[in-house]
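Input: a single structure, listed below in structure tokens.
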């Protein structure tokens, strides 16, 4: 799966979530992706964390609901920003009735663009609600230093996904990921 490096580039889940990568930037000391998110009512990613990346979102339109592990849900409106530091489990969703639009940053980019492109492609191929389990098994393992889906049930994460990953390797299902960047985006 080859990723085009021209921007802006929109990734669509087929189920009401889109990420547009606007640019890849650096200032010498730091590198980041500028992104825009569009999320339909009630939609959003499950509880996850980025071990080595900081994520920020600023609401442009709508109402953002978010929760940091162990805390009560909070909400942000137009013009308000939310920061998710590396290593902090969090989730966010569209808490309104209209489309939620946010601008944000992921720093450093690492393999975020590849991961999200592959995840959303699989989600779209499986009806727009969730990615295929074989794809999820590969992506979560390959990018475990960048994205941990801590909201998935433990039996799925520790039992089924490793079995599916082994079957996927043996059957060649993962040939499409030959060009996946190494962990850490290198």
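Of everything in the range 147-161 that is in contact with a helix residue (DSSP H, G or I) (Cβ under 7 Å, 6 or more places away or on another chain) and in contact (Cβ under 8 Å) with a residue 40 or more places away in the chain, the residue that is farthest from residue 43 (Cα to Cα) is 147. Taken together, the residues in the range 70-86 that are assigned to a loop (DSSP other than H, G, I, E, B) and at pLDDT 95 or above amount to 9.
Specify which of the listed residues (57, 49, 64, 100) is closer than 30 Å to residue 173 by Cα and outside the structural domain of residue 143 (by TED's automatic domain parsing). Spell out how you get there, then give the answer.
Working: 57 fails: closer than 30 Å to residue 173 by Cα; 64 fails: closer than 30 Å to residue 173 by Cα; 100 fails: closer than 30 Å to residue 173 by Cα.
Going through 57, 49, 64, 100 in turn, just one is closer than 30 Å to residue 173 by Cα and outside the structural domain of residue 143 (by TED's automatic domain parsing): 49.
Could you identify the single residue in 103, 144, 97 that is assigned to a strand (DSSP E or B) and either out of contact with any helix residue (DSSP H, G or I) (no Cβ under 6 Å at 6 or more places or on another chain) or buried (at least 19 other Cβ atoms within 10 Å of the Cβ) (or both)? Give the steps one after another, and end with the answer.
On the way: 144 fails: assigned to a strand (DSSP E or B); 97 fails: assigned to a strand (DSSP E or B).
Just one listed residue meets the conditions, 103.
For the range 53-69, filtered to residues that are assigned to a loop (DSSP other than H, G, I, E, B) and modelled with pLDDT of 95 or more, the residue that is surrounded by the fewest Cβ atoms within 10 Å (Cβ to Cβ) is 63.
Rundown of residues vs (1) more than 21 Å from residue 17 (Cα to Cα); (2) assigned by TED's automatic domain parsing to the domain that holds residue 66; (3) modelled with pLDDT under 95, yes/no style:
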{"residue": "135", "(1), (2), (3)": "no, no, no"}
{"residue": "138", "(1), (2), (3)": "yes, no, no"}
{"residue": "147", "(1), (2), (3)": "no, no, yes"}
{"residue": "151", "(1), (2), (3)": "no, no, yes"}
{"residue": "154", "(1), (2), (3)": "yes, no, yes"}
{"residue": "157", "(1), (2), (3)": "yes, no, yes"}
{"residue": "171", "(1), (2), (3)": "yes, no, no"}
{"residue": "186", "(1), (2), (3)": "yes, no, yes"}
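The values are calculated or read from the model by the stated rules, or taken from the named source; none is laboratory data. This structure is a prediction, so every number in the text was calculated from the model and none was measured. Cβ atoms come from the backbone with ideal geometry, glycine included; neighbour counts cover every protein chain shown.
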